[in-house]
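Below is one structure, written out as structure tokens, with a few remarks after it.
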Amino acid sequence: MDQNEMKKAVAAAAAKYVEERLEAGTVIGVGTGSTANCFIECLAPFKDRINCTVASSEETKSRLLKLGIPVMDLNGVNEVSIYVDGADEANAQLHLIKGGGGALTREKIIAAVAREFVCIADESKLVSVLGRFPLPVEVIPMARSHVGRAIVRLGGDPVYREGFITDNGNQIIDIHNMSIVDPRELEQQLNQITGVVTNGLFAIRPADLLILGTRDGIRTVKA
Ligand code: 5RP
């Protein structure tokens, strides 16, 4: 299987996992990115049995609506039963780096509300130490330089993602060259910097299940 086939395979496995757990009021959280897009396609065959979804980005929302899958505002639902999303990196504890596509804040909000968080990824995303993939941080625009200086003090190299505006109207700084040995601690430290909306570490609320695509087939990892 090449990387694209792995993405399709994990998306299909996640859709099957969700379909088997569908109940009358099930709310499905849907992530953002190329793997999540494959997952959206896999929802189409049973869309008539889907009560509602919540989307982690405007892009995901429009893809769901195009397929005729109902989407609600998160404020309109009491809970999210299951959230399925990709990741840029994952470790064995199911701590993740997310936000390569810039949707980290809405993704983190849905993950916080979700009863179960299922991460789908191909095997290239599994690492022993997080940080080879630049860690995204969403910032209020006027705080960008202040946040950048604080990141340097923490030992990272901040790079402004030029020309990119998040769905929330903010900017992104990607932190390069940081080996993240304590993801929970760094997640907290970054969120303490004034002007940071949130960062792409999902360690305080990690995934519950990782469905991993490998050359030999699908593997599941539990936290
Ligand atoms: C978007 C994300 C994505 O889940 C992450 O970037 C992985 O994307 P892909 O499935 O395209 O590799 O966090 O903000």
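Brief remarks on what is shown
- Partners for Lys47 among aspartates and glutamates (Cα-Cα distance below 15 Å; same-chain residues under 8 apart left out): Glu19, Glu20, Glu23
- Gain on full stretching of the segment that runs from Glu20 to Ile165 - 0.36 nm per residue minus C-alpha separation: 48.5 nm
- Mean shadow area of region 117-158 over all directions, Cα convex hull, nm²: 4.5 nm²
- Our estimate of slack between Asn177 and Gln3, defined as 0.36 nm per intervening residue step minus the Cα-Cα distance, is 60.1 nm.
- Taking θ as phi - 60° and the Karplus parameters 6.51, -1.76 and 1.60, the scalar couplings of region 96-109 work out to 10, 9, 9, x, x, x, x, 9, 4, 5, 5, 5, 5, 5 Hz in sequence order, x denoting glycine and proline.
- Remark on Asp122: its backbone amide H falls under 5 Å from those of Gly213, a criterion applied only to residues 5 or more positions apart or on other chains, H modelled at 1.01 Å from N.
- Computed 3J(HN,Hα) for region 164-175, one whole-Hz value per residue from the Karplus formula 6.51 cos²θ - 1.76 cosθ + 1.60 where θ = phi - 60°, is 10, 10, 6, 4, 9, x, 10, 10, 10, 10, 9, 8, glycine and proline marked x.
- Among Ala15, Ala114, Ala143, the residue with the largest mean-square fluctuation in a Gaussian network model of the chain, with springs joining Cα atoms closer than 10 Å, is Ala143.
- GNM result for the chain, Cα springs below 10 Å: residue of Gly86, Gly100, Gly169 fluctuating most strongly: Gly169
- By the compact-protein rule of thumb, 2.2 N^0.38 Å, the alpha-carbon radius of gyration of the chain corresponds to a ratio of 0.99.
- Derived scalar couplings ³J(HN,Hα) [region 14-20; Karplus, 6.51 cos²θ - 1.76 cosθ + 1.60; whole Hz; x for Gly, Pro]: 5, 5, 5, 4, 5, 4, 5
- Reach of Lys66 by Cα under 15 Å, taken over aspartates and glutamates that are not fewer than 8 positions away in the same chain: Glu41, Asp48, Glu58
- Size descriptors for region 1-65: radius of gyration and Dmax over Cα atoms are 11.6, 37 Å.
- Local electrostatic count at Asp88 - Lys and Arg +1, Asp and Glu -1, tallied over other residues with Cβ under 9 Å: +1
- Separation of region 1-53 from region 99-174 is 24 Å, based on Cα centroids.
- Compactness of region 17-111, expressed as Rg and Dmax over alpha-carbon positions, Å: 12.7, 36
- Note on region 124-198: Cα Rg divided by 2.2 N^0.38 Å, N the number of residues, gives 1.06.
- Less than 5 angstrom separates the built amide H of Thr53 from those of Ile28, Val71, Met72, all sequence-distant by 5 or more or on a different chain.
- Dipole magnitude (debye, nearest 20) for the chain, charges at Cβ of Lys, Arg, Asp, Glu: 120 debye
- GNM flexibility winner over the chain from Glu162, Glu138, Glu23 (Cα, springs under 10 Å): Glu162
- Cα Rg over Rh - region 64-164, Kirkwood: 1.01
- Lysines whose Cα lies under 23 Å from that of Lys222, excluding same-chain neighbours fewer than 8 positions away: Lys7, Lys8, Lys16, Lys98, Lys108, Lys125
- Residues whose amide H comes within less than 5 Å of that of Thr198, counting only those at least five positions distant or on another chain, are Glu138 (H built at 1.01 Å from N in the peptide plane).
Here, each number is a calculation from the coordinates, and none is a lab measurement. None of these values were measured; they are calculated from a predicted model. Neighbour counts run over all protein chains shown; Cβ positions are idealised from the backbone, glycine included.
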